[in-house]
Amino acid sequence: MKVTEHIKEAKGKTLFSFELIPPQKGRSIQELYDNIDPLMEFKPPFIDVTTSREEYIYIDRDGLLDKKLTRMRPGSVGICASITHKYDVDTIPHVLCGGFTKEETEYLLVDCHYLGIENVMALRGDAMKEEKYFKPTNGGHCYASDLVEQIVNMNNGQFLHEVVETDNKSDFCIGVAGYPEKHMEAPSMDADIRRLKQKVDAGADYVVTQMFFDNKRYFNFVENARKAGVTVPIIPGIKPLAVKRHLQLLPQVFKLDMPDALVKEVEKCKTNTDARQVGVEFAIEQSKELMAAGVPVLHYYSMGKSSNIQAIAKEVF
Ligand SMILES: NC(=O)C1=CN([C@@H]2O[C@H](COP(=O)(O)OP(=O)(O)OC[C@H]3O[C@@H](n4cnc5c(N)ncnc54)[C@H](O)[C@@H]3O)[C@@H](O)[C@H]2O)C=CC1
Ligand SMILES: Nc1nc(=O)c2c([nH]1)NC[C@@H]1CN(c3ccc(C(=O)N[C@@H](CCC(=O)O)C(=O)O)cc3)CN21
């Protein structure tokens, strides 16, 4: 079922969902299942599976480093299929511009359609590890809005090279990312919201936000997006702080602010176990306030570790 249909069916009740990252190649999928199992009691209507970019690795060959381009994790589509098969839950693969040609994306979307996947998250993707800025892949899209257009065209039976007469069109429900604290490359908040509007005008059906720790940022963002004419659901994304190091890492990687109250509490922590507990308690309060404000879904960035998400969901759902 589509995310938008799940939201309608919930009739105003806030749903629980989460997102995970495929295991690195060579590791067991059982690890992933072990982290999904404890979250299923909260009845997620859908689970997102992220896609990682290709990356350079360096192999030591008798003192000389051999540089190789590789993918450390499998694609999201196969993992989505295995999760849906095992748990009978909708799964949402993240489809990226970076690292994929339009042809490869079409190939992947056709697979999704035949697998019965009804939702996709359309993202530009991050820059490669050693690059400062995102560089479009040869033959790939530059912006998420271009990817949304490709998906919408396919939904209309228009493939890259021709219009195919079909009685079996895809009808993907399309998610896109939104940034309560502005995307790091956007020159201003308003400019970023205009880009968001562009993605929705191109055919996006819902928005999932980047993580944020100050609910005011989310509420302001939703207000500004509504003013700009974005009417689709805006789902808040929540990442519980899990280790002391996140105090520096999360603002640095995702360009966001931490509320001083949280910073002070984490600074007092002697161990990572203490910090994780502070992160859980903070996320519970954050989630409760968002739920009271009537958000359609609380979407948690579990990234494969579920015990803290479970502790939060127990208190909130
Ligand atoms: N791997 C994953 O699962 C997830 C990744 N992300 C990351 O979020 C980041 C951005 O992705 P999206 O938000 O999908 O990208 P986007 O293409 O919507 O926006 C990227 C940047 O370009 C700007 N922009 C958009 N359209 C433009 C245009 N036509 N002309 C000029 N500027 C334009 C935006 O304001 C923004 O600064 C990436 O770093 C992505 O990987 C976010 C959520 C999940
Ligand atoms: N720019 C960007 N890229 C992404 O891939 C991404 C987003 N934003 N926002 C939404 C989700 C959430 N994602 C993530 C990815 C990693 C962590 C994380 O906590 N990673 C490390 C710390 C950061 C690092 O070392 O790069 C961790 O300690 O687990 C959290 C959410 C992936 N997605």
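So which helices of the chain fit the span-like rule, where a helix is a whole DSSP H run, its Cα atoms reach 27 Å or more along the axis, and its mean Kyte-Doolittle is at least -1.0?
On the way: long enough: 272-292 (30 Å, -0.38).
Sorted by number, the helices that extend far enough and score high enough are 272-292.
In debye, nearest 20, what is the charge dipole magnitude of the chain about its Cα centre with +1 on Lys and Arg Cβ and -1 on Asp and Glu Cβ, if you could check? Write down the numbers at each step before the final one.
On the way: 40 positive and 46 negative charges, 177 e Å.
Rounded to the nearest 20 debye, it is 860 debye.
Express in nm, to one decimal, how much length is gained between Arg71 and Thr101 on full extension, taking 0.36 nm for each residue of separation and deducting their alpha carbon distance.
Length gained, Arg71 through Thr101: 9.3 nm.
Sequence-distant or interchain residues sharing an amide H contact under 5 Å with Ala127, placed H: which?
Residues meeting the amide H criterion: Phe134.
Rounded to the nearest 0.05, what FRET efficiency do Ala186 and Glu267 have when you use their Cβ-Cβ distance and R0 = 41 Å? Walk me through the numbers on the way to the answer.
Numbers: r = 30 Å, r/R0 = 0.74.
Once rounded, the FRET efficiency stands at 0.85.
Provide Rg over Rh for the range 174-317; use the alpha carbon set for both Rg and the Kirkwood Rh (inverse mean inverse pair distance). Provide the component values of the computation, followed by the final result.
Working: Rg = 15.4 Å, Rh = 15.8 Å.
Computed over Cα atoms, the ratio is 0.98.
Take the Cα pairs of the range 1-139, get the Kirkwood Rh, then feed it into Stokes-Einstein at 4 °C and 1.567 mPa s and tell me D in µm²/s.
Numbers: Rh = 16.8 Å.
So the translational diffusion coefficient is about 77 µm²/s.
Take the residue pairs Lys182/Lys264; Lys68/Lys169; Lys68/Lys305; Lys25/Lys132 and return only those whose Cα atoms are more than 32 Å apart. Walk me through the numbers on the way to the answer.
On the way: Lys182/Lys264 24 Å; Lys68/Lys169 39 Å; Lys68/Lys305 29 Å; Lys25/Lys132 26 Å.
Distance filter (> 32 Å) returns Lys68/Lys169.
What are the semi-axes of the equivalent ellipsoid for the range 3-316, taken as the square roots of 5 times the Cα gyration tensor eigenvalues, largest first, in whole Å? Intermediate results must be reported in sequence, preceding the final value.
Values: eigenvalues 171, 126, 89 Å².
Whole-Å semi-axes of the equivalent ellipsoid: 29, 25, 21.
Find out how many positive minus negative residues lie around His246, taking Lys and Arg as positive, Asp and Glu as negative, among other residues whose Cβ is under 10 Å from that of His246.
Working: positive: Lys239, Lys244, Arg245, Arg276; negative: none.
Charge balance near His246 sits at +4.
Compare Leu262, Leu69, Leu115 in a GNM of the chain, Cα atoms joined below 10 Å, and give the one with the largest fluctuation.
Maximum fluctuation in the GNM of the chain, among the listed residues, is at Leu69.
So for each of 281-294, 96-109 I average, over its residues, the number of other beta carbons within 10 Å; can you give me the resulting order with the highest mean first? Display every interim value, and only then the final one.
Working: 281-294: 16.7, 96-109: 18.8.
Peptide ranking by packing, descending: 96-109, 281-294.
In nm, give the distance between the simple-model label positions of Ala127 and Glu55, each being 7 Å from the Cα along the Cα-to-Cβ direction.
The two pseudo-label positions are separated by 1.6 nm.
What whole-number distance in Å separates the alpha-carbon centres of the range 18-49 and the range 239-317?
19
Order by neighbour count: Glu265, Glu55, fewest other Cβ atoms within 10 Å first, most last. Spell out each step's value before the answer.
Details: Glu265 18, Glu55 15.
Ordered by Cβ neighbours within 10 Å, fewest first: Glu55, Glu265.
Any idea what the relative contact order of the range 3-316 is, in percent, if you count C-alpha pairs under 8 Å spaced at least 6 apart? Could you put the intermediate results ahead of the total?
On the way: 532 pairs, mean separation 60.0, N = 314.
Relative CO of the range 3-316 lands at 19 percent.
Reachable lysines from Lys13, Cα under 22 Å, same-chain residues fewer than 8 places away excluded?
Straight-distance partners of Lys13: Lys2, Lys43, Lys216, Lys239, Lys288, Lys314.
Between Asp111 and Glu289, with labels modelled 7 Å along Cα→Cβ, what's the label distance in nm to one decimal, could you check?
Going from the Asp111 label point to the Glu289 one covers 4.2 nm.
Readers should treat all values here as calculations from the given coordinates under stated rules, not as data from a laboratory. Just so we're clear, the structure is a prediction, and the values are computed from it rather than from any experiment. Every residue, glycine as well, gets a Cβ built from its backbone with ideal geometry; the counts of neighbours run over all protein chains shown.
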